[in-house]
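The values are calculated or read from the model by the stated rules, or taken from the named source; none is laboratory data. Computed from a prediction, not measured in an experiment: that's the story for all the values here. Don't worry about glycine lacking a Cβ; one is built from the backbone with ideal geometry, like all the others, and counts go over all protein chains shown. The area values use the complete protein model at the heavy-atom level, side chains included, leaving out ligands, DNA and RNA. Shrake-Rupley method; radii C 1.70, N 1.55, O 1.52, S 1.80 Å.
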Amino acid sequence: MPEAAQKLSADKREIVSFTIHDQAFCIDIGHVLEIRGWTPTTALPHAPDYVNGLMNLRGTVLPVLDMSQRLGLGKAEPSARHVIIIVRPDDMTVGFLVEAVSDILTVSNDEMTPTPDVNSAETKSFVEGIFTHGDQLIRALDVRSIMPAQSDIGTQ
Amino acid sequence: MNDLLEGFFEECEELLEVLGDGLDAMAAGTADDSTINAVFRAVHSIKGGAGAFGMDVLVEFSHAFENVLDEMRAGKLALTPALTALLYQAGDHLNSLVEASAAGGATTSDSHHDLIRDLKAACQSLSEAQDTALEDDPTPEDFGFMPLTIDLDGPDEAAVEDSPGTHYEIRFAPHAALYELGLEPVLMLRALHDMGEVDVEATCDRVEPLKSFSSGEADILWRIRIKTEVPRPELEQVFEFTRDLCDLDIFEIDDVSAAAEPEMTADQSTPVPKVTKQVAPGPLSTSEPMASATTQRAPGKSRKSGRDTLRVELDRVDRLVNIVGELVISEAMLRQSMSDPEMSSNSSAANAMAQLKQLSGELQESVMAIRAQPVRGLFQRMSRIIRETTRETGKEARLVTEGDATEVDKTVTERLVDPLTHMIRNAVDHGLETPDAREAAGKPRIGTVSLSAAHRSGRIQIQLRDDGAGINRAKVRETAVRKGLISASEDLSETETDNLLFMPGFSTNDSVSNLSGRGVGMDVVRSEIQALGGRVSIASKAGEGTTFTISLPLTLAVLEGMIVSVAGERLVVPTTSLRETVRVSEASVHLFGQSERVLAMRDGLIPIVDLGERLGFRASVDVQVDQSLLLIEADSGRRVALAVDQVFDQREVVIKGLEQNYQQIPGIAAATILGDGRIALIVDTDQMIPQGPAVTEQSDAGARHGDLTNA
C-alpha cells in the first residue's frame, strides 16, 4: 500500500479496488469517504431495483446502491461479509454495496486501457476503462454515472 | 456586501422592529417617555449608520423623521391621530428605504419628498402651536396620548417604589463638539424637567464678553439638581447622545427630606406641557392582551439588555441542533442496548443512564429554544402590509395582533412571510368590503383584520381573521366550474367549496388588482405552509368574515409520530392528521366493488388503503384480521383508513430530509432514525388519501399518486 503522504504526479492516481461476483472493480479514492461493514437497510418504496435501501451513517440518512444489480450482475444477497463504501462524488453521499474491498493501489493513467466493445449496456456506460494489475483486470468505474439518476427515482 | 454593511442592515432590522413596536405602542396609547426615546434612538442610529455608508437618501429621510420624534421626545409635539398616521407612514417608508438600500440603493420618489415635507410641516406647526400653548392651559384633550398607563407589574414601577424621589446632582459641561453636532442642552434640560423637580444653575464665568464671544465655544457649565422618582439609568439616558461630548457627573445627594413623596410633581408654570401620569386600572383591564404584551416586551426595551444578546451565525446554531439531535439518538441507542441484560435498575450505570437521558433531553430543548423567535417581527411586517394594501385599495382596515410573543422556529417565521403577506392582502382585497358597503351592512367603516398566534397542543396556531363579507360560495363555485376545476353537476359541501380557493389557478375577484393575483395563488400559500409541515383551513360565515387557521409544528426538526410496521418495515405515521386507530377485528370492514374495501364508521364509509401495498412493499393483500387501521383525516376533510400490520408506540422523532442524498419519494415525507439506529420512513399522510374527481391535485405528486391508486 502506498503511503498516504505520497505525492502523486498528475498522471498517477489512487484507486480503491473491490470485488463483485469475482470481478474486480475500482473507483477513484478521492470520492471515497469511508468503508463500513454491512448493516441492514430500510427498504425504500418506489425505488429502482438497484437501490438497496437507506442506511444511517452517524445520523445522516443515505441510500445504499446494490452495485451488483447496478452493474447488471444480479441482485446481491447481503451478508455480514459485505461492505459498504461511502462515496461522495459531488453533493450527494451514497453507499456502494460490494462483496469485499481488496486493495488500495496507485496506478498511472496511461496504464488504463479503454473499455472493450462489449454488449452489456451497464458495462459500457459505467466502466471508463480497465487497469491491469498483475494477472487481474480491474474495471475502473465512473462514479458520477453510477449515482442514482433522478429520473429513476420515484417514477417506478 | 461587506461584513460592516451586512452588520448595519442586520442592525437596521432590529432597529426597525423597535421602531414598529414603539409606533404600535403610541397608536395604542401605551407609549411612555422611554418608548418615544427608543423610537428616536432607533431612527437616529439608522441615520448614523446610513451616514457612515454614504446613503444620502436614507440620511435625509431619517433626519426629517428624527426631528419630529425629537420634538415629541421633548414633549413639544403632541401625538394626534394624524401624526400617528404620518409616523406610521414614515416608518413604512424608512423600512422600504432600508430594504432598497440593502438591495443596492434607495432612490427618491415623489412620495419620498412629500413625506419629508409633511414631516417638516409637522415640526413647523409646532412653533405656532407652542405659542398658543404658552397662553392657554394645556387641556388634557390636547395631549390625549400623553396620559400614561403605567403597567403595574412593569419594571419601571418597581424601580419607582424602590427609590421614591431621589435627589441627584448633575454636573454637565458640554464640549464645543456637542454644539457642533447640533445637540442642544436645552432639550436635555427639558427632558430632565419632565422627570421631576429641577433646579438648574448655569455657570457663566468662562463666557467671554459679547465683543469676543464666539457661539461655537462651550463655556457654560450646568449644575442641575433634580429630585425624581426616575431611576438613574433613565437620567443617564437623557445624556446618551452626548457621551464623549461633555464632562458629565451624576451623583446622588443623600437628603432626608427626600423620603417618601408618593406623587411626582411637575412645575405648573413650565411652558413644557405637563405630563399627567395616571395609574388607570380601567384601560389596563380592557386592553389586557396589549398590557401583557408590553410586560413581556419591557426587558427588551431597556437599553442595557441589548448587551445581553449574542449574535451568532445561523449555520453554527444549525450545526449545534444537528449534533444534539444525533446525541439524543445515540443516547436512545445506548439505552436500548443496555436495557435487556440483567442490569439492576438501581445500578450506577442505570442511574447514569437516566441522568444522561434527562440531560440530553434538556440540552435538546435549550438548543431548540435558540432557534425560537417571537412572531412579533413577522406580525409587524404584516401591519405594514395592511397599511400598504389599504392605501392601494381605498379600503379601511386595522390590524389587531394577539400573542405576538409566541415563539416559533426562525425558519418557520421566515418562510411564513410570503404566504401570510398574500393572505393578508387577500383579506383586505377580497375579504373586506368597501367602507360604504360596510356601513350599509351595519358594520364599522374600518374593517378589522386580526392576526393571532398561540401554542396549541404542541403546535403553533396562527389565525387570520377578517370581519368582511365572508366567502361568496356561489361565486367560488361558479368560477371553479367556469375554469373547469369542477364539473357543474358536482355537489360540494361548504368546506369543499371553500377549499376550492386552494386550487391552482383560482381567482375570484372580477378585476384582478395589482395586489392579489400577482401570480401567487392560494395554492402556493397552501403548499408553502405544507412544506413547513403545517396545515391551513378556512372557516367562513356569510356577512361575518373569514378565518384562516394555520397550524404549524413548533420546530421543523422534530415530529410526533406513531411507529407502525408494514411488511416487516417500520414506518412513522405523523399524529397530526391521525384521528383514531381501530383494530380490524373490531371494525366493520366491507368489500366494495371488485377489490376495494371500506370501513364503516359512525359517520360514513371510509376507503381502506393497505400501507404496504400503497408503498409497493408487497402485492395486493386482503385486509387481515390482525391488522390495525389508522384513520387519517386531511385538511380537506377527506379521510382514509391506512391498514398496517402492527402499531407500536407514539413518540417524537427527529426529521431527516431525504432530498439531500436522494430525492423526494411519493408517499414519504422524510425519514427518521429510531432508537436502534435503523432508519424509519415518515409517511406523508396527505398523499395517502385517494383524491376524488372533485379536488384533483394537479401537481406531479398528485398525478403520480392518482395513477398508483388506479393501478
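Brief remarks follow.
- Test: residue in the range A:90-111 that is open to solvent by 60 Å² or more (accessible area, probe 1.4 Å) and within 14 Å of chain B (Cβ to nearest Cβ): yes
- Any chance A:Leu44 is closer than 30 Å to B:Val324 by Cα, over 14 Å from the mean Cα position of the chain (by Cα), at pLDDT 90 or above and within 14 Å of another protein chain (Cβ to nearest Cβ): no
- Taking first residues from the range A:22-49 that are among the basic types (Lys, Arg) and partners that are outside any loop (DSSP other than H, G, I, E, B) and open to solvent by 20 Å² or more (accessible area, probe 1.4 Å), the Cβ contacts under 9 Å between residues at least 6 apart in sequence or on separate chains come to A:Arg36/A:Val83.
- Any hit, the range A:79-95, residues being in a strand (DSSP E or B) and in contact with a helix residue (DSSP H, G or I) (Cβ under 7 Å, 6 or more places away or on another chain): yes
- Every condition in (1) farther than 16 Å from B:Thr546 by Cβ; (2) open to solvent by less than 30 Å² (accessible area, probe 1.4 Å); (3) modelled with pLDDT of 85 or more holds for B:Ile460 except the one numbered (3).
One line per residue, one yes/no per condition, for (1) open to solvent by 70 Å² or more (accessible area, probe 1.4 Å); (2) over 22 Å from B:Arg526 (Cβ atoms); (3) more than 22 Å from the chain's Cα centre (by Cα):
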position: B:Ala441; (1), (2), (3): no, yes, yes
position: B:Thr448; (1), (2), (3): no, yes, no
position: B:His455; (1), (2), (3): yes, yes, no
position: B:Lys475; (1), (2), (3): no, no, yes
position: B:Arg482; (1), (2), (3): yes, no, yes
position: B:Ser489; (1), (2), (3): yes, yes, yes
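- Within the range B:554-569, being in contact with a strand residue (DSSP E or B) (Cβ under 6 Å, 6 or more places away or on another chain) and not in a loop (DSSP other than H, G, I, E, B) holds for B:Val558, B:Leu559, B:Glu560, B:Gly561, B:Met562, B:Ile563, B:Val564, B:Ser565, B:Val566.
- Residues of the range B:646-663 classified as part of a loop (DSSP other than H, G, I, E, B), free of Cβ contacts under 8 Å to residues at least 40 places away in the same chain and within 18 Å of B:Leu559 (Cα to Cα), total: 3
- Residue within the range A:112-120 that is under 18 Å from the mean Cα position of the chain (by Cα), more than 14 Å from chain B (Cβ to nearest Cβ) and at pLDDT below 75 present: yes
- When the helices (runs of 4 or more DSSP H) confined to the range B:357-474 are screened for residues that are in contact with a strand residue (DSSP E or B) (Cβ under 7 Å, 6 or more places away or on another chain) and closer than 22 Å to B:Ala542 by Cβ, those reaching at least 1 such residues are found at B:410-426, B:435-440.
- Failed criterion for B:Thr672 (all others in (1) in contact with a helix residue (DSSP H, G or I) (Cβ under 6 Å, 6 or more places away or on another chain); (2) modelled with pLDDT of 85 or more hold): (1)
- Some residue of the range B:58-68 being under 26 Å from the mean Cα position of the chain (by Cα), over 19 Å from B:Gln124 (Cβ atoms) and surrounded by 20 or more Cβ atoms within 10 Å (Cβ to Cβ): yes
- Among residues of the range A:51-74, those that are within 14 Å of chain B (Cβ to nearest Cβ) and surrounded by fewer than 22 Cβ atoms within 10 Å (Cβ to Cβ), counted: 5
- For the residues B:Gly75, B:Gly49, the requirement of being at pLDDT 80 or above, open to solvent by less than 20 Å² (accessible area, probe 1.4 Å) and either in contact with a helix residue (DSSP H, G or I) (Cβ under 7 Å, 6 or more places away or on another chain) or assigned to a helix (DSSP H, G or I) (or both) singles out B:Gly49.
- Looking at B:Val625, B:Val640, just one residue is of a type in the set (Val, Ile, Thr), more than 14 Å from every other protein chain (Cβ to nearest Cβ) and open to solvent by 10 Å² or more (accessible area, probe 1.4 Å), and that residue is B:Val625.
- Residues of the range B:670-692 satisfying the condition of being hydrophobic (A, V, I, L, M, F, W, C), crowded, with 22+ Cβ neighbours inside 10 Å, assigned to a strand (DSSP E or B) and more than 7 Å from chain A (Cβ to nearest Cβ): B:Ala670, B:Val683
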